[in-house]
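Report on the structure given below.
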Amino acid sequence: MFEVLLAEQMRHIESAAVAEGQSIEHLMETAGEVIAQEVLRLFKSCSVIVLAGPGNNGGDGFVVARKLEEKGWPVIVACSKTIPSKEGAAFKARSQWKGTLIDYQDIHFKDFALIIDGLFGIGLSKHIDDPYKTVVQKANQSGIPILAIDIPSGIHSDSGEELGYAIKAHYTIALQTLKPCHLLLPGKIHSGTTIVKDIGLRPFPTPTLFVNAPELWKKHYHKPNLTDNKYTRGHGVIVGGAHLTGAARLSMLAARRVGAGLITLLCPPEAQIIYSLASLGHLTQTYEDVSIFSEKLNSITNLKGVLIGPGSPPTQDTRTLVHKILKLKMPTVLDAGALTAFAENPDELLRELHENVVLTPHEGEFKRLFSISGNKIQRTSEAAKTAQCTILLKGADTVIATAYGPVIIESQGVPWLATGGTGDILSGLILGLLVQGLKPLEAAAMANWILNQCAHSIGVGLLAEDIPLQIPKLLASI
Ligand SMILES: NC(=O)C1=CN([C@@H]2O[C@H](COP(=O)(O)OP(=O)(O)OC[C@H]3O[C@@H](n4cnc5c(N)ncnc54)[C@H](OP(=O)(O)O)[C@@H]3O)[C@@H](O)[C@H]2O)[C@@H](O)CC1
Ligand SMILES: [K+]
């Protein structure tokens, strides 16, 4: 249920079903049936135009048309006359359609109240051209609700990219599982509301992509019990800079709210007063000079993790502090200034990273460290392998990848998270979970989930400082 399958993996489970004796015709009939059921649930009886393409996505469209017509709905199917007839499930579905069939160019969209998009599914391989391009443009411009079969036509299933021009659906009924295009931009926007419907295939045996959900990490998160004390819940250090102190203070609040037993802000002496006054329940320590930083860090009792970057300047001193922290091989979050500090020589950072590190770059910071091309999943995975650590690549379609394989994609996207300080909250949440014993991948995924859930519940007008207060209610629900 939480796996996200690439087109090749979908084809694997489809072939496995065929090898077990199921026919493609039967799978297509099931797909058409579940989609028709969703149409009946979502819409009142209305006139429908089904756009059928040349492959099996079009075949699904013909089945849906037949099922809706059987329910008494007025349905017309549009497909291209130039499509060569050939044997196969889609051909059979087309020949079972006894209703009206027109060419794309003869569609009068104003005659319809619902468009069903069965032009292309996971088989789209290249940019769309006419006649498909024009029909997609006209469908989008019509203002009529569009329900896409499996994926919005024109979107690449594995990357979420728009191949020339793509359907903007109000609903997408994803068959069997989500595909990356339902989660990655711009496919996520083109999909509208995505609903996953089972068509009876077996799960893929070795999934590598997952949609972020508590089921992936909640067994690793332990709520405190009566035997806990502040030390057993973990002591974390946040390295605060002399200026831009708000960032580390936000991280501190998030780390404490998510359950760290103790948080110490380690900062230059001139900033101690600001950090001390930030709240009542945290500690502050100072380091007069980078040369005594390690000594100060080592003197902290029961230290379980470190965060550096929020509010840190991208300077040689920051690089030195990062090197000293990485030498400890302990759970570490590197964010913001701690990443940008290595922009001129990323290798200086990359060769020292280890499996207990989480990097939380946004796209700009990512590009400063890695020159990797490809879609967001490929870039994050490859970077994690290069860096041998966990990477959370932020955005409205956050991707979290590890050096050892699994990739988690955030399904929520909260537009009002795009405001100053929310990244500092995220890195603080990750630190707070790392010191409680979660592994980097689980800590990053849980932190990102908490951030999105809290933001969603706050709504437009959110300030970063509103988020920590929402955390207890959310933790109670896990
Ligand atoms: N997986 C499952 O178990 C099940 C999957 N099902 C359904 O099947 C869908 C996948 O079907 P599919 O493989 O036939 O691919 P589909 O997306 O219809 O398109 C392929 C056709 O489009 C053509 N074509 C490609 N790009 C083009 C372009 N730019 N411009 C023009 N033409 C282009 C391509 O031509 P070719 O590249 O081969 O020349 C080929 O003819 C899947 O999304 C789901 O809806 C269900 O039926 C049941 C079970
Ligand atoms: K489609």
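Values for this structure:
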{"read-out": "Degrees separating the helix 7-19 axis from the principal Cα axis of the chain, which is the longest one", "value": "50 degrees"}
{"read-out": "FRET efficiency estimate (nearest 0.05) - Cβ-Cβ, Ile273 to Gln141, R0 51 angstrom", "value": "0.25"}
{"read-out": "Gain in span if fully extended, Glu25 to Ser457, counting 0.36 nm per residue against the direct Cα distance", "value": "151.1 nm"}
{"read-out": "Loop trypsin sites (Lys or Arg not before Pro), the stretch 339-399 (other Cβ atoms within 10 Å of the site Cβ: 11 or fewer; DSSP)", "value": "Arg351"}
{"read-out": "Largest-first ellipsoid semi-axes for the stretch 7-207, taking √(5λ) over the Cα gyration tensor eigenvalues, angstrom", "value": "23, 20, 16"}
{"read-out": "Euclidean distance of C-alpha centroids, the stretch 269-313 and the stretch 347-397, integer Å", "value": "26 Å"}
{"read-out": "The chain, helix-only ellipticity at 222 nm - DSSP H runs n ≥ 4, -39,500 (n - 2.57), divided by all residues, nearest 500", "value": "-11000 deg cm²/dmol"}
{"read-out": "Dipole magnitude of the stretch 7-207, debye to nearest 20 (Cβ charges: Lys/Arg +1, Asp/Glu -1, about Cα centre)", "value": "340 debye"}
{"read-out": "Nearest-0.05 FRET efficiency for Asp103 and Gln316, computed from C-beta distance (R0 56 Å)", "value": "0.25"}
{"read-out": "With Cα atoms, 0 to 90° folded angle of helix 316-327 axis to the chain main axis", "value": "80 degrees"}
{"read-out": "Dipole of the stretch 214-477, positive direction: furthest Cα of Ser299, Gly364, Thr318, with charges on the beta-carbon", "value": "Ser299"}
{"read-out": "Those lysines that a straight Cα-Cα span of less than 22 Å connects to Lys179, excepting residues fewer than 8 apart in one chain", "value": "Lys126, Lys168, Lys188, Lys197, Lys376, Lys394"}
{"read-out": "Net charge dipole size for the stretch 214-477 [Lys, Arg +1 and Asp, Glu -1 on Cβ; Debye, nearest 20]", "value": "700 debye"}
{"read-out": "With 10 Å bins from 0: P(r) over the chain, alpha-carbon pairs, percent", "value": "4, 20, 25, 19, 14, 11, 5, 1, 0"}
{"read-out": "For the chain, share of DSSP beta bridges that run antiparallel, in % to the nearest 5", "value": "15 percent"}
{"read-out": "Trypsin sites (Lys or Arg not before Pro) within the stretch 1-68, DSSP loop, no more than 12 other Cβ atoms inside 10 Å", "value": "Lys44"}
{"read-out": "The chain - charge dipole about Cα centre, Lys and Arg +1 at Cβ, Asp and Glu -1, debye rounded to 20", "value": "720 debye"}
{"read-out": "Helix axis angle, 440-458 relative to the chain longest principal axis, alpha carbon, degrees", "value": "70 degrees"}
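Computed from the coordinates by the stated procedures, all read-outs in this text should not be read as laboratory data. Nothing here was measured: the structure is a model prediction, and the numbers come from that model. Note that each Cβ is placed from the backbone with ideal geometry, even for glycine, and that neighbours are counted across all protein chains shown.
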